Structures are given as structure tokens and as C-alpha cells.
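Report on one structure; see the data block that follows.
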There are 2 protein chains.
Amino acid sequence: MKAAGVIVEYNPFHNGHWHHLQETKKKTGADCLIAVMSGNFLQRGEPAIVSKWARTKMALAAGVDLVIELPYVFAVQAAEQFAHGAVRLLDALGCRELCFGSESGDITAFLSAVETLFQRKEEFDSLVRAGLARGQSFPKANAEAWRQLGSVPLDLSKPNNVLGFAYVKAIQQNKLAIVPRTIPRLAAGYHDESFSHPSIASATSLRNALGQTGQLERIAAYIPSATAEQLRQYRLTYGRWHDWEMYFPLLKYRLLTATEEELRRIAGVEEGIEYRLKQKIAGAETFAAFIAATKTKRYTWTRLQRLCAHVLTNFTKEEQNKAMAPTYIRLLGMNETGRRYLQQVKKELALPLAAKAAKLNGDPLYEQEKKATAVYAAAFPEPLYSAALKEEYATAPIYSSGIERK
Amino acid sequence: MKAAGVIVEYNPFHNGHWHHLQETKKKTGADCLIAVMSGNFLQRGEPAIVSKWARTKMALAAGVDLVIELPYVFAVQAAEQFAHGAVRLLDALGCRELCFGSESGDITAFLSAVETLFQRKEEFDSLVRAGLARGQSFPKANAEAWRQLGSVPLDLSKPNNVLGFAYVKAIQQNKLAIVPRTIPRLAAGYHDESFSHPSIASATSLRNALGQTGQLERIAAYIPSATAEQLRQYRLTYGRWHDWEMYFPLLKYRLLTATEEELRRIAGVEEGIEYRLKQKIAGAETFAAFIAATKTKRYTWTRLQRLCAHVLTNFTKEEQNKAMAPTYIRLLGMNETGRRYLQQVKKELALPLAAKAAKLNGDPLYEQEKKATAVYAAAFPEPLYSAALKEEYATAPIYSSGIERK
């Protein structure tokens, strides 16, 4: 059996993701699709709209064969760390193919950009430092540095190009035997908030269209029926979907009761931002208003959102610095193909495979996952709070007996 | 002018407190009554039913002339520290009389008990240590040690005798020129939950009778009309009164996301209780169920409740150890008599008088008060959360123009 990997968030799973899976199979000739998926908190520092379990079911229904959790310590990070954790997990699973969606759609552009970076690293780094010194944000300084290097056939101001670049770079830096491939994303860009295609729209635009009270029919054309079903069931069970505003009271409580010294221990708290956080929080009545009041050129919306996720989950610099690479492979779900693939590779797995969360107690990466789980569940009133906690620890990996057609 | 002090919580103010004030005036011949009052969190580790401001208004309406805040770092403590902070504040205000209610009602019993303790300290301490070693709680070991010393005319298993004893001891240890006096409490004991007197009932029984949905009419016979009015207004403004259950989601969030190491820094976390807290919290759906599941012979309900208040407000051992004595006199309210008294003593005040909270920023005692304020306000949804925070910082001391008759 041959496996191909995808690195995903599925927030929620939509037709563009379906297309990505079909193209991945076609391009790689793989008979097993492995998705490395963020858990309950996502790369941009947001809580996922529904839990990892509901999103795992969406993925399995769409034909993913194995769903593996990307631990919080890699999932809620800028592109470089995110990519590092994800490709290391694929490698540990014996997966030799990675296929990602990008605005570019041309893998040679990525390979050449990474080669340029390795060759001209000093020059590049000094351009980035100069940008930072001029008060630019990291993403801005990076994009600018690329522009100044010239002749790079990759637009690194586009978010999915940035991620793809990070994957290719991580593969090469880790000297992994993984072949990277890319397919062009269809129609909607990540940040697109309009519906310009009859069946493809970005996850962001879908979440916006949905809101908290939104009718699922409004987005039915853009998602498989299994996604609609999972979203519907989740709201039935838990009363609502997740968004940052649900967590704002906890964030406010924490920012007001933590000392500046304690905040400085949190990952991402640099350059005195702790004073600004404490200064802006008391009068803020919503998360959106708080971030709008706090953000600066250097502290972009995404960076602040990620930092707030770290404050909320009490993720410290010390924990971040210790998280060099994945220490386990946590199985969230599989179908028969996935099961057979695991059977085939299990003796060569580079990391322990964990089906039950209880086995991971004490692992520093999983300890942070537990904190993130506690926060994610805290959005609910009792007895749902306790029930959601229990789900994390008691749920066996989802086993799906077949693929649903959309 | 002659001042007499009382040390109070007024949770809420009731007819027994009224009686205490009348007797204090009679016994001391004072023309100015000073109440040192706990802020939003109380000695037994509970949030006050209504804010310090509402309770200040109750006190002023009943004829208290000056209301001074007992800072959190003394207010939420076992009897000894509580008494220490309170009598030092009275002393700093030039107050030379203290009158407390007790089950005993006989000041010579207190004086003789304190003298006994000073004379037989070693013996007493070794009896307490032996009790603790047998697994007894502190209050139990203390009461037992007294019993074993014999011939002490004071029942130190009674809560108000314990507090009174602590006041007298603190006065003597600090060598303060304060005359302690006591009056017998009427009818209901602190822990009484029944109504056995036509107009006097304990604050505990009143809160129980009231509940969250309770009709004020049910307790009208036991409280002055000003108390009823404050309770009514508070619920109109904020939607509810305060109790521990409102804070349980925050406590659960905090206990689940703090590491054991972080919990060990919290005041009152000793002997490995942090493991037990973390073990019991995940499945607990209410505060009451959590404490019931967690308590042991050594960790009594009150001790755990106080410890949970410290977890919630992030009050550390380091902060506790630094809090040797009050560093300011915070004025919560006054009437004309109180104003004139302050005028008279202001040149001899042993501590700075603070009418505005903003002036106290940076004072370690007030920094903890701010954390407690943030927690207390966190019980409300926005925009009430922000409004309650603002109330703490923007409210000038309450000025009352006259005494209301009950």
C-alpha cells in the first residue's frame, strides 16, 4: 500500500477539501490518504468550529483513511513550526508523499524558493531583520525580504504559498524522504469572504456565512452532506458551534488576574506586549473589540489571536522550547484501508501509536493538549462541560466503515 | 470625638448587626463607629452576596460612621491573620476601642485565655502539633489543645469566640492601645440554619433562606429596610446576587489549565493537595460537589473554600508572605460624623488614607485587591462585567447624609 499525506484543519470540511483529496490520489497514485489535522485549536489561534471528533468524522466521510492529530504545540504556531510538526508526523507514519493546495500550484516554484533561501540565507535574514527594525510584522518583513531578493517565482504574501513553502523547507531541513507536490486551490482564496464559485468557497467565508444562528442551507452548496450533518448534530448536542467570543470571559479573567511576570512566561509574549494586553482588556466587552484595540503593526490580528490562545491554554515558553518534535502518533480516526495501512507499517513506526488518550498522560505534548481540551470544553455550561472533557479522554478513535458520497 | 471599632462582613447586614452597633455605642460611649469590613471576598473564602459598595450603604444606613476596607490579603484568611489586619487598621485610625460579638460575651474569659496561651505557649503548640499529626484539621487541633490545657473559661470550638480570641491576641501581640470589649450574640449561632428568634437570624441562615430566587419578604423581619433595598437594587442592576457556584466555571478552567507547580505557588496549597484538586475537578459539575468530593479531615470545607478563592484570584504564597501589615486605609464610605472624625485624626494617621482606588495602583496589597475585583466582576456577562470593574476603580467613597431608621 502506498500512502499520501495531507495537512489540514477542516474548519469545516468543504468541497474544496474534497477536490484536494481527489487530486492528491490522482497525483500520487496512493491508496491510503493520511490527514494530519489540528485538534481543537487552529493555526491562526482560533478554536475550531466543532471538535476534533466531529471534524474527523467529516474527513472519514470524504474518503480520508487515517486521521492523525497535530498536537497543539505545533498546530497553534506560525507556518514554520506548524509545518515542522506536521511533516515529522507524516514521516513517522512512513508516508512518502505530501500534497498541499497552494495559490501557486507549481511545485518547482516552491523547490526553487527553498533553494534560494538556503543559498542566500544570510542576505535573507538581514533583510527580514531590517524589516522588523522598521516596525514591520513578521509576515510582512518576510514577504518584503522575498521581494527584495528578486527573481523568486513564488508569491509569498499568499497564505497557502507561505504554508507550502514551510512544508517543503521542513522536509528538506529534516532531510525527510517525502516527495512534496502541490495542486492549485480552486476559486476562493483563504481570506475571500465572497462566494464567487457555484460550489467552492473558503472555510472562512463558510463560517462567516453560517454565524451562530446561520441556517446550514445557506452553505449547503459548498459542503458535503456529511459536513452539514456533523455541524447539525454538534449544535443539537452542545447547543452551539465554537468561536472566540465564547472564550472571551475566560481570557479576560485570566489577563486580569495574571501578573505581568506570569504573562511573560507565556509563549509569544514578547517586547512588553503584556502591559498592552493588561491595559486594553479591562474596558473591552468583546474579543473582536479587544484585538482591534490591541493590535499594532508588529502585533497583527493573527499573532495576537495565537498569543491569546496561548494565554487561555497557559502554554508557556518553556513548554514551547521543549517541543522539538512530535513524541507520539495520536489516532483520531480510520477506516478499513487506514487500519490495514497501520497494520502494514506498525513495526516501522518511528513513534508510538496512541489510540487511547489515557496512555499519553505525562507526555509534555499531551499535557498541553489536555489544557487545550479543558479550555475548549469550558465554553459549555455543565453538565456539557464535564461531558466534553470526558469525550476527549474516553473516545476511542472513530472507525468508519465506508465512504459517503457527497 | 471618641471612636469605637467593629470588625465586620455584613453578608448581608441584619438585625443582629444592628444590635451589635447599638451595644457598642452603649458600652464604649463612642460617638463615632468605625467598621473595618471585608471587601468582595470573605473570611470563609466566599464571594460576598453583594459588592462592598452595596454593603457599605447598608452599614451607613444603620449608623456606622466610617467604613474601611479590610484588604483581601487579610480578609480571606484564618482567624489569626484576619484579626491581625483588622486591629492594625483600627489602630492606624487612632481607634482605641474594639467591640466584638461572641458566644461567650465575657471579656475576662478572652483575656484569661490569651494570657494562658502566652504563658503555656510551648505546651499548647506541642498539643496542636500532636493533633495535626493525628490527622486533625487546624481548628479541631486547636480546640482539642485548649480542652487538654484545661481550666480555660472560653469555648474555642465556637466560631465567634475563635475570632474574638484572635482579636484580643492580635491587640496584645502588636502591643496596641486598644481596649477590647465583647457583647453576647443574640439567639442565632453563626451556623444556625433555623429561625428560632422573631427578629434575629444569622447571615448564613438569611442567605440560605434567600437563595437566588428567594423573595426578600421571606427575610424582611430579620433585616433593616435598607438591607432589603440594597439587595433588591443589586439584583435589579446585575441580575443576581453572588455565590460560589457562579465562579465554578472559572475555578474549573483555572484548575484544569494550571500545572501542579503553578498551583503549589498559591497561598494555602500544601501537603500535595494540588494533586487532589486536579484529580477531583474534571468530573465535578458544581462547586458544592467538588468541595464535597475533595474535602478530608485536614482539608475542611472552609479551608478548601478559602484555598479555592486564592486559586481563583491567583493569590500566591509570595504575596501572602509579603503582606505583613496593612499599608493603606481605604475609605469605602462615611457620614458627616465619620468625615469629622477623619478631619480630627488625619494628622496622626499611621497609614495613608486612600479615597480613590487609582492612588493605590502598585501597592502589593491593592494589586491583590484588583485581582479579587476582576474575579468578583467576572460573574456577570458583558457589559455588566466591564461596568462592575469600572465601579471598583471609579467609585468615590459613599457619602451618606443621615441615618435611616429601621
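The table below gives the values:
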{"quantity": "7 Å along Cα→Cβ, label-point gaps from B:Glu245 to other copies, nm, shortest first", "calculated": "2.7"}
{"quantity": "Most positive-pole-ward Cα, A:Ile178, A:Ala83, A:Leu231, against dipole of the stretch A:83-241 from beta carbon charges", "calculated": "A:Leu231"}
{"quantity": "Calculated label separations, A:Ala288, copies of the chain, 7 Å along the beta-carbon direction, nm", "calculated": "4.0"}
{"quantity": "Entries in A:Lys347/A:Lys390; A:Lys57/A:Lys390; A:Lys278/A:Lys371 that, when Cα-Cα distance is taken, lie over 28 Å", "calculated": "A:Lys347/A:Lys390"}
{"quantity": "Under 22 Å from A:Lys121, Cα to Cα: lysines that are on another chain or at least 8 residues apart", "calculated": "A:Lys140, A:Lys158, A:Lys169, A:Lys175"}
{"quantity": "Relative contact order (%) - criterion: Cα under 8 Å, at least six apart; region: chain A", "calculated": "23"}
{"quantity": "Antiparallel %, DSSP beta bridges [both residues in the protein assembly as shown], to 5", "calculated": "20"}
{"quantity": "Under-5 Å amide H pairs with A:Ile329, H placed in peptide plane, nonlocal only", "calculated": "A:Leu353, A:Ala354"}
{"quantity": "Debye intensity ratio I(q)/I(0), log10, the stretch B:244-321, q values 0.15 Å⁻¹ (C-alpha model)", "calculated": "-0.43"}
{"quantity": "Order of B:Glu382, A:Glu144 under a 10 Å beta carbon neighbour criterion, fewest first", "calculated": "B:Glu382, A:Glu144"}
{"quantity": "Shortest-first nm distances, B:Ser401 label point to equivalent points in other copies (7 Å, Cα→Cβ)", "calculated": "8.0"}
{"quantity": "Farthest positive-ward along the stretch A:259-406 dipole, Cα basis, beta-carbon charges - from A:Ala387, A:Leu365, A:Leu351", "calculated": "A:Leu351"}
{"quantity": "Cβ charges +1 (Lys, Arg) and -1 (Asp, Glu), total dipole of the stretch B:1-103, debye", "calculated": "200"}
{"quantity": "Net charge, B:Gly338 excluded, C-beta distance under 15 Å - Lys, Arg +1, Asp, Glu -1", "calculated": "+3"}
{"quantity": "Positive dipole terminus of the stretch B:244-321, leading residue within B:Ala258, B:Thr296, B:Ala309 (C-beta point charges)", "calculated": "B:Thr296"}
{"quantity": "Percentage relative contact order, the stretch B:244-321, counting C-alpha pairs under 8 Å, at least six apart", "calculated": "43"}
{"quantity": "Under 5 Å, built H, 5+ apart or other chain: amide partners of B:Arg181", "calculated": "B:Leu98, B:Cys99, B:Phe100"}
{"quantity": "Cβ-placed point charges (K, R +1; D, E -1), dipole of chain A about Cα centre in debye, nearest 20", "calculated": "220"}
{"quantity": "Unit charges on C-beta of K, R, D, E only; dipole of the protein assembly as shown, Debye", "calculated": "0"}
{"quantity": "Inter-centroid distance (Cα atoms) of the stretch B:314-328 relative to the stretch A:197-244, Å", "calculated": "50"}
{"quantity": "Across A:Lys280/B:Lys359; A:Lys297/B:Lys359; A:Lys52/B:Lys252; A:Lys317/B:Lys295, pairs whose alpha-carbon gap is larger than 26 Å", "calculated": "A:Lys297/B:Lys359; A:Lys317/B:Lys295"}
{"quantity": "Selected from B:Tyr299, B:Tyr275, B:Tyr366 as most flexible by GNM, with chain B as the system and alpha-carbon contacts under 10 Å", "calculated": "B:Tyr275"}
{"quantity": "Choice from B:Ala293, B:Ala133, B:Ala86 with maximal GNM fluctuation in chain B (Cα, 10 Å cutoff)", "calculated": "B:Ala133"}
{"quantity": "Chain B: C-alpha gyration tensor shape, a/c 1.5 cut-off, then a/b vs b/c", "calculated": "rounded"}
{"quantity": "Residues with amide H under 5 Å from that of A:Ala379, placed H, sequence gap 5 or more", "calculated": "none"}
{"quantity": "Coil-residue GluC sites (Glu not before Pro) of the stretch B:178-284, DSSP, other Cβ within 10 Å capped at 14", "calculated": "B:Glu193, B:Glu270, B:Glu271"}
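Since every read-out is calculated from the coordinates, none of them should be taken as a lab result. Nothing here was measured: the structure is a model prediction, and the numbers come from that model. In this analysis, Cβ positions are derived from the backbone assuming ideal geometry, glycine residues included, and neighbour counts consider all displayed protein chains.
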